Amino acid sequence: MPRRFNYTGRQRIRREDAAIRLQQDSAGLRFDADLRLASYGFDPIEPKPKVYVEAYRGAAAQWKRFDFGFVDTCRAPTDCALNEFGAPEGILFRVKVTESGGDAEGRLLAAADAIRPRLPNEQDDHVQPLIQHVPADDIGDELWRVDFSDELPLLKINSRVPGGVQQFLLDPTHRASITPAVMRIVLTRLLLIDRDRGDDEDDQDWRVLWLRFASGLCLGAPPEADAGEDELGDWINRAVEAFAAKAGLLRVLETIAANEETP
Amino acid sequence: MKLRRLTDAGVADFSAWVGRLNETPKLDPPLRLLADDATSEPFRPEVEVEQQSFANRYEAARYLAQKLAVPGVLNPESDVGLWTWLTLLYFDQLCPKRADGTRKPGELARYVVAAGSFQRIYRHLLLGPFLIYRAHESDPLAAMAVLQSPLHQPGEIVEQLASRQEFIANSDIMRCATLLYFDAVRGALRRGSGGKGPGSPRRFASTLNQYDLTYDLAALDQQALMDMLPSEFDRFRSQPPV
């Protein structure tokens, strides 16, 4: 089923117009938001619409809403603390511009969803990974799992792995095994299970980003949406093979093995 | 007795025991973990708690909210050891014995908060109602639709509405749910509210999810939300106010 219906002319706020950064220091975790809403045509609307920013993580557990005032005087509240969220990883944001009066009070005029903020200490030109990883306590003895229950897929790594999650991911043997499998799981999910290729107009849509990455591996675009499972499955296999070849995954293991044999 | 918290070892032991309980349903709870220095430690600041029975999730949440609202207690919701200790203390109410002496615990997330598993926090049988109560501290009775059930049986409404934090935290949405589904005279859910058909809590959650695409639900008050609900909710909406 298509994810996005827009029956009311709700505008999409462009990612570049809703830049959010997390800050973390001795004072705690908080966020800054640079919202540029002047070009969306809200000026003539009376009463002035309101702007809200919501921070959330996971579909259920954590959510906090911040009132940024009216659209013509939009500014962050004094308190933008997110201490109850604990760690900065996995926090997403929504920006909403809402009718503030009359019969249409509460109607969304514009919104941006699933905004990934810059993490603390992340440079502005940092390229965000296609999939974020998080430590997990709820996957039993599995070493890792791709979780799709949130708005963005997350790579869960068992928090009990020896040496810690970061060390686990940095190990070249683990990366060689995990990365193609993760790629296959994600592409299978969006092309075969959900049959949802994302929103072409949203260049931060995770589905769009993954397909763009896979297509860029000298493959070209995937088969049409109504293609059969075999055809789509073949394309996924070729994409994963191309990735493995480009990353030299087999060569990585051969090098490790050769080094181990060398006295 | 003095409130304590389980150590990591204590949480691991209790988690393992819950796993064994699923296989051997007549096991006795490992109450020794509550006081053993190897598996538990004092909670700071010092708080007194009593072994007592709670009529429903509301009573338990109110009690715990009062006990934990003391100076020096910061973010108790993130203390897995605390909630596991409390779970073990009140285990007979969270997982009561059936007539044949067996217990049916179900998933571990009901008894041990899965740190890092944000989606399951509201499934914890004590932390879930505690968070809901605290989110509506100024008017907790408004959330009775999700707090009226027995501790061990949260019910369909909780399952549906706890799927999204912004619904649970929204006092107007909670008031709507309570107006629709809670009979304050009987102190129980209205007849017919446990189903899945038109006007059910499942449909209420589904309708809210639909409206969320078009409306900023947090900007709407209770009356506006009730007025928006389609006719399938009339049989509950037309009930006399309680």
Of the criteria (1) within 13 Å of chain B (Cβ to nearest Cβ); (2) within 30 Å of A:Asp72 (Cβ to Cβ); (3) crowded, with 17+ Cβ neighbours inside 10 Å, which one A:Ile139 fails
(2)
With the requirement that a residue be touching a strand residue (DSSP E or B) at 6+ places or on another chain (Cβ under 9 Å) and in contact (Cβ under 8 Å) with a residue 24 or more places away in the chain, what does the range B:188-200 give you?
B:Ala188, B:Leu189, B:Arg190, B:Ser193
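Yes or no, residue by residue, for (1) at negative phi; (2) surrounded by 12 or more Cβ atoms within 10 Å (Cβ to Cβ):
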| position | (1), (2) |
| --- | --- |
| B:Ala38 | yes, no |
| B:Glu41 | yes, yes |
| B:Arg44 | yes, no |
| B:Phe54 | yes, yes |
| B:Ala61 | yes, yes |
| B:Lys67 | yes, yes |
| B:Asn75 | no, no |
| B:Ser78 | yes, yes |
State whether one or more residues within the range A:161-170 are within 14 Å of chain B (Cβ to nearest Cβ), under 30 Å from B:Leu217 (Cβ atoms) and either modelled with pLDDT of 85 or more or not in a helix (DSSP H, G or I) (or both).
no
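So in the range A:198-216, with the set limited to residues that are part of a loop (DSSP other than H, G, I, E, B) and surrounded by 17 or more Cβ atoms within 10 Å (Cβ to Cβ), which one is modelled with the highest pLDDT?
Quick first cut of the range A:198-216, residues part of a loop (DSSP other than H, G, I, E, B) only: A:198-205, A:216.
In the following step, the residues that additionally are surrounded by 17 or more Cβ atoms within 10 Å (Cβ to Cβ) were identified as A:198, A:202, A:204-205.
Values: A:Gly198: 88, A:Asp202: 76, A:Gln204: 77, A:Asp205: 84.
Checked the range A:198-216; the qualifying residue modelled with the highest pLDDT is A:Gly198.
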Every residue from the range A:75-112 that is in a strand (DSSP E or B), within 10 Å of chain B (Cβ to nearest Cβ) and not small (Gly, Ala, Ser):
A:Arg94, A:Lys96, A:Val97, A:Thr98, A:Arg107, A:Leu108, A:Leu109
Is there a residue in the range B:56-79 that is within 14 Å of another protein chain (Cβ to nearest Cβ), of a type in the set (Asp, Glu) and assigned to a helix (DSSP H, G or I)?
yes
Kindly state which helices (runs of 4 or more DSSP H) lie completely within the range B:132-183 and contain at least 2 residues that are surrounded by fewer than 21 Cβ atoms within 10 Å (Cβ to Cβ).
B:156-161, B:171-181
List every residue pair whose Cβ atoms sit under 8 Å apart, with the two residues 6 or more apart in sequence or on different chains, where the first one lies in the range B:205-221 and is more than 7 Å from chain A (Cβ to nearest Cβ) and the second, anywhere, is modelled with pLDDT of 90 or more and outside any helix (DSSP H, G or I).
B:Thr207/B:Leu229; B:Thr207/B:Pro230; B:Leu217/A:Gly106
Criterion (within 14 Å of chain B (Cβ to nearest Cβ) and either surrounded by fewer than 16 Cβ atoms within 10 Å (Cβ to Cβ) or hydroxyl-bearing (Ser, Thr, Tyr) (or both)) met by exactly one of A:Tyr40, A:Tyr56
A:Tyr56
Tally, over the range B:28-55, of residues that are in a loop (DSSP other than H, G, I, E, B), touching a residue at least 12 places away in the same chain (Cβ under 8 Å) and more than 14 Å from B:Leu94 (Cα to Cα)
12
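The values are calculated or read from the model by the stated rules, or taken from the named source; none is laboratory data. A quick note: this is a predicted structure, and the numbers were derived from the prediction, not measured. Note that we place each Cβ from the backbone using ideal geometry, even for glycine, and neighbour counts take in every protein chain shown.
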